[in-house]
Amino acid sequence: EAAVTQSPRSKVAVTGGKVTLSCHQTNNHDYMYWYRQDTGHGLRLIHYSYVADSTEKGDIPDGYKASRPSQENFSLILELASLSQTAVYFCASSDGWGGYEQYFGPGTRLTVL
Amino acid sequence: GQQVQQSPASLVLQEGENAELQCNFSSTATRLQWFYQHPGGRLVSLFYNPSGTKHTGRLTSTTVTNERRGSLHISSSQTTDSGTYFCAIVQVVGQLTFGSGTRLQVYA
């Protein structure tokens, strides 16, 4: 089965600080994604990438940057964390775009104080 | 934009009862995927369903793409089925859009 891991699993950050969330996949998948989930809601796409050293904006990219240094690793960066970015963040990977199933990591719970 | 509506928003069952979860979407989707989210937050893919009906254990997924609807049937519910069920559609350009989920509580 597809393996996607995330670190840290939880984090408390201060407003205005920098936060980096990491994702690693061992599936040899080309596509990777970052989603956020707010309490009581579904997931929303922040950024995605289909090749190393390239990232694309999703539905809600404002306030977030992404980095894909290699096929296996995909990071989400909050340069200036804000209270509204408190959420659970999920990383996913897939073998292609559109018609391919996405496999999700366990999530990172971020609390910004 | 794309809209995915799930119903009911929440459901309470006694163990052994069946459940029918609905997913309706506003535009033609290329794929529909059902997820289960554990109470602790872990997300598990249940079905990846281009069209038609699929079964796994006590779960049945049915998708009628040209009618823009899907359903997830849970038979003989168990307390371990408690959690939140999401449907998500894959749009023509590849975007995965989630519904707001159905929160299921099964009690003994």
Under a Gaussian network model of chain A whose springs join Cα atoms within less than 10 Å, the largest fluctuation of A:Thr55, A:Thr15, A:Thr86 belongs to A:Thr15
Of A:Ala92, A:Ala52, A:Ala66, the one that fluctuates the most in a GNM where chain A has Cα springs shorter than 10 Å:
A:Ala52
Could you work out Rg/(2.2 N^0.38 Å) for the range A:1-96, with Rg from alpha carbons only?
1.02
Once phi is turned into ³J(HN,Hα) by the Karplus curve 6.51 cos²θ - 1.76 cosθ + 1.60 with θ = phi - 60°, what whole-Hz value does each residue of the range A:26-42 show in order, with x for glycine and proline?
10, 9, 6, 7, 7, 9, 9, 9, 10, 10, 10, 10, 8, 3, x, 10, x
Count the lysine pairs in the protein assembly as shown whose Cα atoms lie under 25 Å apart, taking only pairs 8 or more positions apart in sequence or on different chains.
5
So what does the Cα-only Debye profile of the range A:9-48 read at q = 0.16, 0.32 Å⁻¹, as log10 I(q)/I(0), no solvent term?
-0.60, -1.14
Among A:Ser93, A:Ser54, A:Ser75, residue whose mean-square fluctuation peaks in a GNM of chain A (springs only between Cα atoms under 10 Å)
A:Ser54
Shape metrics for the protein assembly as shown, restricted to C-alpha atoms - Rg then Dmax, Å
17.4, 51
Dipole size in debye (nearest 20) for chain B around its Cα centre, Lys and Arg Cβ +1, Asp and Glu Cβ -1?
280 debye
How would you rank A:Leu21, B:Leu32, going from fewest to most other Cβ atoms within 10 Å of each one's own Cβ?
A:Leu21, B:Leu32
Charge dipole of chain A built from unit charges on the beta carbon (Lys, Arg +1; Asp, Glu -1), centred at mean Cα; most positive-end Cα among A:Ala52, A:Pro106, A:Ser82 is A:Ser82
Normalised alpha carbon radius of gyration of the range B:1-88 [divisor 2.2 N^0.38 Å]
1.05
Only Lys, Arg, Asp and Glu count, each charged at its Cβ (+1, +1, -1, -1), so figure out the dipole size of chain A about its Cα centre, rounded to 20 debye.
500 debye
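FYI, it's all coordinate maths here, none of it is from the lab. Note that the coordinates shown come from a computational prediction; the quantities given were computed from them, not determined experimentally. Don't worry about glycine lacking a Cβ; one is built from the backbone with ideal geometry, like all the others, and counts go over all protein chains shown.
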